Structures are given as structure tokens and as C-alpha cells.
Amino acid sequence: MTEDTISFDDLGLSPELLKAVGDAGYTQPTPIQEKSIPLVLMGRDLLGCAQTGTGKTAAFSLPIIDILSQGRARARMPRALVLSPTRELAQQISENFTTYNKFHELGQAVLIGGESMPDQQRALAKDPDVIIATPGRLIDMFERGKVMLGGVKILVIDEADRMLDMGFIPDVTRIVELLPRIRQTLFFSATLGKEIRALADAFLINPKEVSVAPPASIAQGVTHTMISVPKLPKEKRAALRKVMAGEDVQSALVFCNRKKDISVLRNSLRRHGFEAEELHGDMAQHRRTETLAAYKNGDIKLLVCSDVAGRGLDIQGVSHVFNFDVPNNAESYVHRIGRTGRAGREGRAITLVTS
């Protein structure tokens, strides 16, 4: 069978799950889904190397739903745990689970910082099958006796390289030590450097390795441009506006390296008639959630952001990414640019470069 003719029907998923996938508008699995789903259904540990935007959330959530459909959770003992580095990614994974879970009755709880602790405790009291969490909030709930981890059959560690960057590995290691030794572990990372492989060796047992995109590679539909601009901030902002005016921008992300530059640039854009909002890690969680929702709905055309938005945000229809600042490394560039040209669409990436 040629690669082109592989469909979700060929991967061993249940009829209910195939209907949910079809209802969501998907017919062909992405390479990471095609390679991962059968292995997960077989119960294998998995080391997956996949950049953001390749469909890896479905690669683990679809088979997990099928596996968990046999049996049910016991009091405060979830059967699957998904660890995410950021609140936004956790919420996105939760939305995906909800979409695919429509013909199953699996409960889920999202445990993230910056949101109401009582609401999350009430979600845990309903004995969810799946918990999607950031490491710090999960440990907090565990220490308060609100969740027990002795029943976890499947662990997913998503964006492990981002966990490493953000200093979460000690928390992740502690959580893994609280889990049963006999479990299935799925470990995903956009890069597989020495430190990531050492972590994988510690957490996984005889894993199958699946790699679908080499590190620091970009979606094929993205056109890249570099533009030389003046170094003075005021002149650089004027250059950005001129570039934007010459582009057919439907929806764009504008990346800055420093948080303090974000508000300045956003205010400058608004003064010159551009609909712009800001998104960065110092904002209150409710404001971040509202801003993202408004951007997804098309109420905001431009989002000026830090790298907190460069990972894991699955927003369809982003026509342009503008790097107001050149990112500090190749991986950041890949993740920023990965916000456009998603799911086979075309996108434009423009980087402003000073002397």
C-alpha cells in the first residue's frame, strides 16, 4: 500500500473513534499519527520526535481514548496522565480530547496554574479518566491529597525539550517517581539532543522511536523572507509597519525577544491604525485566555507576543509570522514559524534583521 492511500481506517481504531475523527473533518493521518497510533494501541513505549504542527496530539489522544474505553477510573485515580509545559498547550490538548471523545464517556480534568483551584478540585472529584496538567499544579494537587497517581496506566510527556528549557524536569522526574513502575509511557520532543535522550532512557522501557521531521525544519508551505532594517527602535517599528502594509495580512503573530518591547510595539501599532493585542507570560491567565480566544475568533488581527506563544499554539489560518527580533536560536525560529503554514496551508514568515 502506498503512503498516499493510508487512511485512519487502516490504523486499528474503533468505529466510534473513526466517526469522531471523520466528524472533525480528518480523513488522512499525518505521518506522526500513521506511525504512532498502531504502536500505542499495541501498548509500546514511544519516543516521538515531531515538531509542533505535525498532529502529534491526535497521535497520542486517539489511541489513549480507545485503550481507556475498556474499564473506568476509580475514585481520584486517573488512568492516563498528560504532562504539558504550558497552560495554553494543556488547554489545547484538552480541546482535542473533547473533540475525539464525543462517542465515548471518558472524563477529563485540566490542572494548570493561574486558574481556579476550587474548580479544578471539583473536576477531580468527578473521578476523571484523563488528567492533562502542567507539572507544578499537578504536584500541588497531589500534595493536597486531591489526586492519587497509583492508577496511571499511560503517561504522556509532551514537548519534553520545552520542559527542559523551562526548568520543569525536576518536577517531571518527581511525578514519574509517584507513578506505577508498570505503565506505558509516550515521550514527545521536537528535538532529540543528549539531555532529552538521557531523560527518555530514564522514563521509557524498550521504546519504539518514531521521527517524522528532522530538528530545525520548517513546513513546506511557508515562504521565508529576511528584510534588512534600521537598528534604532523607532525606525525599526516604522519598517515593520511598512512591511505589513505591503502584505495581504489575514491574521499574524509578531514575535519580540523581550517582554518589555511587546507593549511598546503593540501601542505603536495601535497608534498607527493596526488592530493589535499582546500576549506574554506576565499577563494574568484569564487575560491570556481571553486574548487568545479573541485572536482565534478573528476579533484581533495582530498578536504581538513572546516565545510563550511560539510553542504548541494550534491556531488555524495564521497567514503571517513576523519576527520583529531575530530569535536566539534555530529551534525558536522553527517553533515561531510553525504557527503559519499549518495543516498543508501556505504561510509567510518575515524576519527583520538589523546590522
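Is it fair to say Ser61 is open to solvent by less than 20 Å² (accessible area, probe 1.4 Å) and either over 11 Å from Phe8 (Cα atoms) or not charged (D, E, K, R) (or both)?
Yes, satisfied.
Just to check your reading of the model, which residue among Gln51, Gln92 is in contact with a Gly (Cβ under 8 Å, 6 or more places away or on another chain) and either assigned to a loop (DSSP other than H, G, I, E, B) or of a type in the set (Lys, Arg) (or both)? Explain how you work it out, then say what you get.
Working: Gln92 fails: either assigned to a loop (DSSP other than H, G, I, E, B) or of a type in the set (Lys, Arg) (or both).
Of the residues listed, the single one that is in contact with a Gly (Cβ under 8 Å, 6 or more places away or on another chain) and either assigned to a loop (DSSP other than H, G, I, E, B) or of a type in the set (Lys, Arg) (or both) is Gln51.
State the number of residues belonging to the stretch 257-287 that are touching an Asp or Glu at 6+ places or on another chain (Cβ under 7 Å) and crowded, with 18+ Cβ neighbours inside 10 Å.
From the stretch 257-287, those touching an Asp or Glu at 6+ places or on another chain (Cβ under 7 Å) are 257, 259, 262-263, 266, 285; that's our starting set.
Still in the running and crowded, with 18+ Cβ neighbours inside 10 Å: 262, 266.
Matching residues across the stretch 257-287 total 2.
So, in the stretch 104-139, of the ones that are assigned to a loop (DSSP other than H, G, I, E, B), among the charged types (D, E, K, R) and over 17 Å from Ile67 (Cα atoms), which residue ends up most open to solvent (accessible area, probe 1.4 Å)? Walk me through how you get there before you give the answer.
Filtering the stretch 104-139 for residues assigned to a loop (DSSP other than H, G, I, E, B) gives 104-107, 112-116, 126-129, 134.
Next, only the ones that are among the charged types (D, E, K, R) stay: 105, 115, 126-127, 129.
Checking which are over 17 Å from Ile67 (Cα atoms) leaves us with 115, 126-127.
Working: Glu115: 67, Lys126: 169, Asp127: 53 Å².
Filtering first and then ranking leaves Lys126.
Which ranges mark the strands (runs of 3 or more DSSP E) fully within the stretch 148-229 that have 1 or more residues being within 30 Å of Val318 (Cβ to Cβ) and at pLDDT 95 or above?
Those strands (runs of 3 or more DSSP E) span 154-157, 184-189.
Could you list all residues from the stretch 18-42 that are closer than 21 Å to Lys153 by Cα and either free of Cβ contacts under 8 Å to residues at least 40 places away in the same chain or hydroxyl-bearing (Ser, Thr, Tyr) (or both)?
Once the filter is applied, which keeps residues that are closer than 21 Å to Lys153 by Cα and either free of Cβ contacts under 8 Å to residues at least 40 places away in the same chain or hydroxyl-bearing (Ser, Thr, Tyr) (or both), the stretch 18-42 yields Gln33, Ser36, Ile37, Pro38, Leu41, Met42.
Looking only at the stretch 246-256, how many residues end up being small (Gly, Ala, Ser) and either loosely packed, with under 13 Cβ neighbours inside 10 Å or part of a loop (DSSP other than H, G, I, E, B) (or both)?
2
Would you confirm whether any residue within the stretch 60-74 is closer than 23 Å to Arg197 by Cβ, under 22 Å from the mean Cα position of the chain (by Cα) and among the polar types (S, T, N, Q)?
The answer is no, given that none of the residues of the stretch 60-74 is closer than 23 Å to Arg197 by Cβ, under 22 Å from the mean Cα position of the chain (by Cα) and among the polar types (S, T, N, Q).
Does Ser69 meet the test of being more than 19 Å from Lys296 (Cα to Cα), among the hydroxyl-bearing types (Ser, Thr, Tyr) and at pLDDT below 95?
yes
I'm trying to understand the selection: among the residues of the stretch 159-181, which are open to solvent by less than 40 Å² (accessible area, probe 1.4 Å) and under 13 Å from Leu199 (Cβ atoms)?
Residues satisfying the conditions are Glu159, Ala160, Asp161, Arg162, Met163, Ile169, Val172, Ile175, Val176.
Determine if the stretch 135-146 includes at least one residue that is over 30 Å from Val212 (Cβ atoms) and in contact (Cβ under 8 Å) with a residue 40 or more places away in the chain.
The answer is yes, given that some residue of the stretch 135-146 is over 30 Å from Val212 (Cβ atoms) and in contact (Cβ under 8 Å) with a residue 40 or more places away in the chain.
So, in the stretch 278-336, of the ones that are over 22 Å from Met163 (Cβ atoms) and assigned to a helix (DSSP H, G or I), which residue ends up modelled with the lowest pLDDT?
His286
Give the residue that is most open to solvent (accessible area, probe 1.4 Å), with candidates limited to residues of the stretch 64-90 that are within 26 Å of Met283 (Cβ to Cβ) and touching a residue at least 60 places away in the same chain (Cβ under 8 Å).
Looking at the filtered set, the residue picked out is Arg87.
Which of the residues spanning the stretch 141-158 are open to solvent by 50 Å² or more (accessible area, probe 1.4 Å) and of a type in the set (Asp, Glu)?
Glu143
The values are calculated or read from the model by the stated rules, or taken from the named source; none is laboratory data. Just so you know, these numbers come straight off a predicted model, no measurement behind them. Note that we place each Cβ from the backbone using ideal geometry, even for glycine, and neighbour counts take in every protein chain shown. Surface accessibility is based on the protein's heavy atoms, side chains included, excluding ligands, DNA and RNA. Shrake-Rupley method; radii C 1.70, N 1.55, O 1.52, S 1.80 Å.
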